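J.: Take a look at the following structure, please.
The values are calculated or read from the model by the stated rules, or taken from the named source; none is laboratory data. Quick caveat, the model's predicted, so the values are computed rather than measured. Counting neighbours? That spans all protein chains shown, and the Cβs are built from the backbone with ideal geometry, glycine included.
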Amino acid sequence: MDVTVSELLELFLQSPLVTWVKTFGDLGSGDQDNLGVYMDLVDGVVLNKIMLQIDPRPTNQRVNKHVNNDTYLRVQNLTILVRNIKTYYQVRFLLSAH
């Protein structure tokens, strides 16, 4: 059974995690096609906004809001996201250990 890229993309965008992200309202706004929604996800901007809702403590790192398919900026945004998630869980763990 051959599966096309567009079918895989459709399956991914229907996954529970993407559905959860969509509940925050910043993903897939307007008349975007699946590729546009996917690109919004992978540029890291939307995910960093969600992380700020979960943990609003200010960080010293700024997210690049205009990635424009720049791989370096995309990786930088996702690195910031991973670092913020890691810090969030480390702080939670330390607070719950005391």
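J.: Can you find even one residue in the stretch 14-24 that is free of Cβ contacts under 8 Å to residues at least 12 places away in the same chain, loosely packed, with under 10 Cβ neighbours inside 10 Å, closer than 23 Å to ARG92 by Cβ and not hydroxyl-bearing (Ser, Thr, Tyr)?
T.: Looking through the stretch 14-24, at least one residue is free of Cβ contacts under 8 Å to residues at least 12 places away in the same chain, loosely packed, with under 10 Cβ neighbours inside 10 Å, closer than 23 Å to ARG92 by Cβ and not hydroxyl-bearing (Ser, Thr, Tyr).
J.: For the stretch 51-60, give me the residue count where each residue is touching a Leu at 6+ places or on another chain (Cβ under 9 Å) and either farther than 17 Å from LYS86 by Cβ or modelled with pLDDT of 90 or more (or both).
T.: 1
J.: Any residue that is surrounded by 11 or more Cβ atoms within 10 Å (Cβ to Cβ), part of a loop (DSSP other than H, G, I, E, B) and within 16 Å of the chain's Cα centre (by Cα) - is there at least one of those in the stretch 73-95?
T.: There is no residue in the stretch 73-95 that is surrounded by 11 or more Cβ atoms within 10 Å (Cβ to Cβ), part of a loop (DSSP other than H, G, I, E, B) and within 16 Å of the chain's Cα centre (by Cα).
J.: Answer yes or no as to whether ASN64 is surrounded by 14 or more Cβ atoms within 10 Å (Cβ to Cβ), under 14 Å from the mean Cα position of the chain (by Cα) and assigned to a loop (DSSP other than H, G, I, E, B).
T.: So ASN64 fits the description; yes.
J.: Considering only the stretch 25-53, how many residues are among the small types (Gly, Ala, Ser) and surrounded by 15 or more Cβ atoms within 10 Å (Cβ to Cβ)?
T.: 2
J.: Here's a follow-up. Filter the stretch 3-44 for residues that are under 19 Å from ASN68 (Cβ atoms) and in a helix (DSSP H, G or I) and give the result.
T.: Matches in the stretch 3-44: LEU35, GLY36, VAL37, TYR38, MET39, ASP40, LEU41, VAL42.
J.: Kindly indicate whether THR71 is modelled with pLDDT of 90 or more, more than 18 Å from LEU17 (Cα to Cα) and of a type in the set (Ser, Thr, Tyr).
T.: yes
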